[in-house]
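Engineer: If you scroll down you'll find the structure; I have some questions about it.
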Amino acid sequence: MDRDTTEARFPMMRLPMKQALFTVLALLISACAQQPPVMGSGDLGVVIERASGSLQIINTSDHSSLARVTGLGDLSHASVVYSRDARFAYVFGRDGGLTKVDLLKQRIDQRIIQAGNSIGGAISQDGSMIAVSNYEPGGIKVFAADSLQLIADIPALTSTGHYSKTVGLVDAPGNRFVFSLYEGDAIWVLDMSTPANPQLQKFNGVGKGPYDGLITPDGRFYIAGLFGEDGMAMLDLWHPQQGVQRILDGYGKGSEKLPVYKMPHLEGWAISGQQAFFPAIGRHQVLKMNMADWQLGQRITAHGQPVFVMSQPDHRRIWVNFAFPDNDTLQVIDVETARVIHQLTPGKGVLHMEFTPRGEQIWISVRDENRVDIYDTRTLQRIATLPAQAPSGIFFTHRAHQTGL
């Protein structure tokens, strides 16, 4: 090979050696600068930006936004679960999208459209499977967590031969998933302990219009709220042969039900010791129930119709947000006295709340003002704020190690 040919193929060889080395070094530095910083995932989380189909990856320790990931589709009712190593966020979109986001590489890892309209999901106890709850067509689909390959398709066919929306999907011990059929008035338990041979147990006639569900933090009791009547349906997963029990039956008797502008949500955070706190459908009330006998203990008058009723990790206080037109307000309830002790007005469109793992802070999405507020749960003072595009759900990675979240 002659000199002219060599210089044509390797132009850097025409530069002085020192200059060439500096050039290579600069290229390496530039490449390294484009990589996300090395970090753990324990203090990370995501904020859903529903209007733009994006999410922010945030750091809870220093109240910062690390990256924005786009291209996640319709996030108008999005929810998130995490892989057991808390590296991957699985995002369930309203367009039927299931998106696997790598928090450390700060990008989409995989994305599929698995249905026409989905409403949430769960991850199995061993972290190997992702289940998605669908409206269209009604049913549950289960995917491999690593590849998003379909493992099981469970249609929610009612006794009349029609599909039902599936709601209230949670994970349960033993690689089981529990969910409710809104039009089917049923609770089903899907056992995926042998993925090649799914087993389905059906509990029918549980009440009219189960709209959402929670599982207690120990994974024992599944409770479905009923939209069509005053009461709730409870299934003891330790003793499923006992069938479904009605609890809080007729809690609204004698009072007029108001129009419902936003469905309440049920989560395991409503549990505080032996007490459980639930939103009353169509009423300005939070219901306190004694879990020892499943009886109504107290009705707590609230500012509006509750949406989320959430216990702090230390179980000392309950935080409540509200449906339109009262969605600019939060109330804080003392667990011991069951009284409202504080009221905050962050701004219009308070949609979601999330506690840091040990509960020293609560992050609040204020959708209509395009920001996330961070409050100290001891002083009840706002300590920081982050800009966000119409934020809704906030999900931190400690959920990876909690049943039912």
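Any read-out appearing in this document is the output of simple, stated calculations on the displayed coordinates, not a laboratory observation. Since the structure is predicted, the reported quantities are computational estimates derived from the model, not experimental observations. Here the Cβ positions follow ideal geometry from the backbone for every residue, glycine too, while neighbour counts run over all protein chains shown.
Engineer: HN-Hα J couplings of the stretch 212-219 from phi, Karplus 6.51/-1.76/1.60, θ = phi - 60°, integer Hz, Gly and Pro as x?
Structural biologist: 6, x, 9, 10, 5, x, 7, x
Engineer: Whole number please: convex hull volume per residue, Cα atoms of the stretch 115-260, in Å³.
Structural biologist: That works out to 119 Å³ per residue.
Engineer: Would you grab the residues whose amide H sits under 5 Å from the one on Asp109? Only those 5+ places off in sequence or on another chain, please, with H modelled 1.01 Å from N.
Structural biologist: Lys100, Val101, Asp102
Engineer: Taking the Cα atoms only, what angle lies between the long axis of helix 17-33 and the longest principal axis of the chain, rounded to 10 degrees?
Structural biologist: Computed tilt is about 10 degrees.
Engineer: Same structure again: Pairs Lys208/Lys262; Lys262/Lys348; Lys202/Lys288; Lys257/Lys348; Lys202/Lys262; Lys141/Lys165: which are spaced more than 20 Å apart, C-alpha to C-alpha?
Structural biologist: Among Lys208/Lys262; Lys262/Lys348; Lys202/Lys288; Lys257/Lys348; Lys202/Lys262; Lys141/Lys165, the Cα-Cα distance tops 20 Å for Lys202/Lys288; Lys257/Lys348; Lys202/Lys262.
Engineer: Given a cut-off of under 8 Å on Cα pairs at least six residues apart, what relative contact order in percent is computed for the chain?
Structural biologist: Reported relative contact order: 11 percent.
Engineer: Between Ile113 and Ala67, 0.36 nm times their residue separation minus their Cα-Cα distance comes to what?
Structural biologist: This chain segment gains 14.2 nm when fully extended.
Engineer: Can you give the FRET efficiency to the nearest 0.05 for Gln402 and Glu360, using r as the Cβ-Cβ distance and R₀ = 30 Å?
Structural biologist: It comes out at approximately 0.95.
Engineer: Once you put a point 7 Å from the Cα of Thr345 and another 7 Å from the Cα of Phe324, both along the Cβ direction, what distance in nm separates them?
Structural biologist: 2.0
Engineer: What list of ³J(HN,Hα) couplings, whole Hz, do you get for the stretch 46-57 from phi and the Karplus terms 6.51, -1.76, 1.60, once you set θ to phi - 60° and write x for glycine and proline?
Structural biologist: Listing the rounded values in order: 10, 10, 6, 10, 5, 6, 9, x, 10, 9, 9, 8 Hz.
Engineer: What FRET efficiency do you get for Leu296 and Gln149 if R0 is 56 Å and r is their Cβ-Cβ distance, rounded to the nearest 0.05?
Structural biologist: After rounding, the FRET efficiency stands at 0.75.
Engineer: Let me ask something additional. Distance between the C-alpha centers of the stretch 349-405 and the stretch 185-260? Whole Å please.
Structural biologist: Centre-to-centre distance over Cα atoms comes out at 28 Å.
Engineer: Contour minus end-to-end for Ile374 and Leu200, with contour as 0.36 nm per residue of separation and end-to-end as the Cα-Cα distance? Before the final figure, lay out each step's value.
Structural biologist: On the way: separation 174, 0.36 × 174 = 62.64 nm, distance 4.22 nm.
Using 0.36 nm per residue and subtracting the Cα-Cα distance, I get 58.4 nm.
Engineer: Next question. Could you list log10 I(q)/I(0) for the chain at q = 0.06, 0.09, 0.13 Å⁻¹, which the Debye formula gives when each Cα is one point scatterer?
Structural biologist: Log10 I(q)/I(0), no solvent term: -0.27, -0.55, -1.08.
Engineer: Check which residues have an amide H placed less than 5 Å from Ala384's amide H, if you skip close sequence neighbours.
Structural biologist: Ile374
Engineer: Cut-off under 18 Å on the C-alpha distance; same-chain residues fewer than 8 positions from Lys105 excluded. Which aspartates and glutamates are left, in chain and number order?
Structural biologist: Correct list for Lys105: Asp43, Asp85, Asp146.
Engineer: Please turn the phi angles of the stretch 333-341 into ³J(HN,Hα) values with the Karplus equation 6.51 cos²θ - 1.76 cosθ + 1.60 (θ = phi - 60°), one per residue in order, whole Hz, x for glycine and proline.
Structural biologist: So the Karplus estimates, Gly and Pro as x, are 10, 7, 5, 5, 9, 6, 10, 6, 10 Hz.
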